Amino acid sequence: MNNIVEEIDQLCGPAWKVGTRNESLYREIARLRLEKKHIESKFFNIKKEHCDQMNRNLEIFNH
């Protein structure tokens, strides 16, 4: 997903540029960035839950 955003930025210039002709692309970039943040958040929550479960299993195993 980062590659898509970077490619669009390279083709169209920085997203903050005033008066852009490609507003729909920048809306799409913003949407993709928001989606990326959401997916990363879900990933880190799942990873944390997995680590917590592994630690609980290790505690049970060691007792």
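Things worth noting here:
- Net charge over other residues, Cβ less than 11 angstrom from the Cβ of ILE29 (K, R count +1; D, E count -1): -2
- Spacing of the modelled spin labels on VAL5 and ASN57, each 7 Å from Cα toward Cβ, amounts to 3.3 nm.
- Length available on full extension from LEU32 to LYS47: 0.36 nm per residue minus the Cα-Cα distance, which gives 3.2 nm.
Read the figures in this text as sums done on the coordinates, not as results from a lab. Note that the coordinates shown come from a computational prediction; the quantities given were computed from them, not determined experimentally. Every residue, glycine as well, gets a Cβ built from its backbone with ideal geometry; the counts of neighbours run over all protein chains shown.
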